[in-house]
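In what follows, a structure is listed as structure tokens, so that the remarks can point back to it.
The values are calculated or read from the model by the stated rules, or taken from the named source; none is laboratory data. As the structure is a computational prediction, the values presented were derived from the model and not from experiment. Here the Cβ positions follow ideal geometry from the backbone for every residue, glycine too, while neighbour counts run over all protein chains shown. Side chains included, ligands, DNA and RNA excluded: accessible areas come from the protein's heavy atoms. Shrake-Rupley method; radii C 1.70, N 1.55, O 1.52, S 1.80 Å.
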Amino acid sequence: MPAATIEHNGISYRWPDKPVAVVCIDGGDPAYLERGLADGIIPNIARFMKDGFSAVADGTVPSFTCPNNMSIVTGRPAAVHGISGNFYLDRKTGEAVVMTGPELLRAESIMAALSRQGAVVASITAKDKLRQQLGKNMDLHSGGRKGSVSFSSQCADRCTQAENGIEDVLDFVGQPLPDMYSPELSLFVLDAGIKLLETRRPDLLYLSLTDFIQHAHAPGAPEANAFYSAMDRRFGQLVELGARVVLTADHGMNDKSKPDGTPNVIWLQDVLDREFGAGRSTVICPITDAFVGHHGALGGFVRVYCRNGLTPRDVAGLVAGLPGVEAAYERGEAAQRFELPEDREGDVAVISDAGTCIGARAVDHDLSGLKGHRLRTHGGIAEARVPVIMSEPATDAYARRAEAGTLKSYHVFDVALNGAAVA
Ligand SMILES: [Zn+2]
């Protein structure tokens with residue numbers, strides 16, 4: 001018999017009293033929900049918001065996918081879990097280091113902890129880059145009814161019992177492998193969760209989607225509404241199958257284009273080279289990963305590293321005055337303000353406003369993938385507001401926290417496991 005509570009990363013969680021499904025709608029800006037409610041296309045979410053729990057929380061800044069997913073699943077800020085972007089610059093070697101692997105993660109996920117205590121846990125992501133971090137130290141081979149699983153829809157055709165705790169996933173879900181750039185990549189995650197709920201009845205599901213639609217389509221666009229409507233049907237199914245559903249997002253999304261439709265970019269490396277001379281600074285865009293077609297590696301948060309006598313103060317002083325820059329903080333202040341790991345922070349963190357994004361050198365960014373779309377992207381403070389919605393009402397204590405505006409994205413599992421007013 002498992003313990004009634006489990007201590008994890010300094011927080012006490014109640015053992016799931018029923019299947020709990022936490023869904024991270026990647027790029028799920030609150031504006032999509034507002035528009036979906038107005039258009040009447042998300043009846044299940046509307047019901048959760050009315051009869052259950054609904055709040056807007058502060059997500060991790062930089063408002064990127066990996067940092068926020070790790071904040072959600074570890075229940076702690078990036079200062080503790082260590083993942084503050086897709087890239088950071090190793091000061092010793094001067095090399096950009098990929099941060100999306102499991103080796104740089106400094107805190108364990110709640111999924112790992114519960115699976116090792118004998119719970120059946122399902123961790124499913126759209127993109128495989130997240131899978132290893134999410135599944136780190138999960139027990140996929142013992143305990144539980146039919147064992148825990150960790151896989152991505154991107155690689156659903158390659159799952160093995162040893163690596164993922166499940167095989168033949170395409171047959172299991174009854175769908176073909178979804179395209180990397182499609183809404184189906186996300187819907188497959190939800191459908192796999194529904195199938196697992198029908199067959200293995202996991203104690204905990206973490207279903208993390210991809211922001212392909214949100215990068216390409218504004219709230220209210222037919223493609224966006226179709227996607228939200230398709231998700232909403234599946235959220236309804238999860239509840240019908242007996243799950244408590246908790247919806248959140250890793251970050252929001254803003255249109256960062258000029259009136260003529262071209263991206264509204266500050267090419268920061270070009271600006272710094274012009275002002276201080278070439279070779280005195282390095283701009284790292286921590287949104288960069290292998291799949292940048294839909295945003296051209298342009299986001300709302302970059303890190304500047306100073307060299308050859310250039311001081312952070314000089315950089316921050318210049319940059320703070322640029323049109324479109326919301327804030328520029330030196331390392332210590334950035335780490336403190338946003339609860340980031342200081343050893344992985346740049347000398348200056350530069351954050352753009354809602355309508356602007358930041359790149360390095362104009363010649364180094366390939367924007368051909370935008371294919372005539374307006375650039376929609378994220379990374380700044382303006383994209384760090386995320387919804388937290390639960391299909392059941394919360395206790396008074398959690399309702400008060402939501403009203404006080406003190407809810408953070410790293411409280412999502414706290415709400416999901418401890419916050420429900422169980423009848
Ligand atoms: Zn994301």
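A few notes on this one:
- Residue check, Arg244 among the basic types (Lys, Arg), at pLDDT 95 or above and over 26 Å from Asp139 (Cα atoms): no
- In the stretch 87-133, the residue that is surrounded by the fewest Cβ atoms within 10 Å (Cβ to Cβ) out of those that are polar (S, T, N, Q) and part of a loop (DSSP other than H, G, I, E, B) is Thr93.
- Within the stretch 195-213, being closer than 12 Å to Ala243 by Cβ and either more than 16 Å from the ligand (Cβ to nearest atom) or more than 23 Å from the chain's Cα centre (by Cα) (or both) holds for Leu196, Leu197, Glu198, Arg201, Pro202, Asp203, Leu204, Leu205.
- Qualifying residues in the stretch 238-259 (those that are closer than 13 Å to Ile45 by Cα and open to solvent by less than 10 Å² (accessible area, probe 1.4 Å)) - the one nearest to the ligand (Cβ to nearest atom): Thr248
- Of the residues making up the stretch 199-219, none is at negative phi, among the aliphatic types (A, V, I, L, M), surrounded by fewer than 24 Cβ atoms within 10 Å (Cβ to Cβ) and touching a Cys at 6+ places or on another chain (Cβ under 7 Å).
- Per-region count, the stretch 378-397, residues within 14 Å of the ligand (Cβ to nearest atom), of a type in the set (Val, Ile, Thr) and either more than 16 Å from the chain's Cα centre (by Cα) or closer than 15 Å to Gly299 by Cα (or both): 0
- Residue count for the stretch 358-377 under the criterion of being within 16 Å of the ligand (Cβ to nearest atom) and out of contact with any Gly (no Cβ under 6 Å at 6 or more places or on another chain): the result is 2.
- Helices (runs of 4 or more DSSP H) within the stretch 1-86 that include 1 or more residues surrounded by fewer than 20 Cβ atoms within 10 Å (Cβ to Cβ): 30-39, 43-51, 78-81
- Residues that are of a type in the set (A, V, I, L, M) and either open to solvent by less than 20 Å² (accessible area, probe 1.4 Å) or at pLDDT 95 or above (or both), drawn from the stretch 141-191: Val149, Ala156, Ile166, Val169, Leu170, Val173, Leu177, Leu185, Leu187, Val189, Leu190
- Evaluation of Glu326 against the conditions (1) modelled with pLDDT under 95; (2) open to solvent by 10 Å² or more (accessible area, probe 1.4 Å) shows that the sole unmet condition is (1).
- Checked against (1) closer than 23 Å to Thr377 by Cα; (2) modelled with pLDDT of 85 or more, Val80 passes all but condition (1).
- Inside the stretch 301-323, residues that are part of a loop (DSSP other than H, G, I, E, B), within 21 Å of Glu342 (Cβ to Cβ) and at pLDDT 95 or above make up a count of 2.
- Going through (1) open to solvent by 40 Å² or more (accessible area, probe 1.4 Å); (2) of a type in the set (A, V, I, L, M); (3) in a helix (DSSP H, G or I) one by one, Ala334 falls short only on (1).
- First in the stretch 396-423 and farther than 12 Å from Gly52 by Cα, second anywhere and open to solvent by 40 Å² or more (accessible area, probe 1.4 Å), Cβ under 6 Å, 6 or more apart: Leu407/Arg401; Lys408/Asp58; Tyr410/Arg76; Leu417/Arg14; Asn418/Arg14
- Tally, over the stretch 23-68, of residues that are away from the ligand (no atom under 16 Å from the Cβ) and out of contact with any strand residue (DSSP E or B) (no Cβ under 9 Å at 6 or more places or on another chain): 14
- Flag if Ser186 is closer than 19 Å to Asp29 by Cβ, away from the ligand (no atom under 16 Å from the Cβ), touching a residue at least 12 places away in the same chain (Cβ under 8 Å) and part of a helix (DSSP H, G or I): no
- A Cβ distance below 6 Å, combined with a sequence gap of six or more or placement on separate chains, defines the contacts here; from the stretch 221-241, residues that are closer than 15 Å to Lys195 by Cα reach residues that are part of a helix (DSSP H, G or I) in the pairs Arg234/Leu190; Phe235/Asn44; Gly236/Asn44; Gln237/Ile194; Leu241/Leu197.
- Filtered residues of the stretch 69-92 (kept if farther than 14 Å from Ala113 by Cβ, in contact (Cβ under 8 Å) with a residue 12 or more places away in the chain and more than 16 Å from the ligand (Cβ to nearest atom)): Pro77, Ala79, Val80, Gly82, Tyr88, Leu89, Arg91
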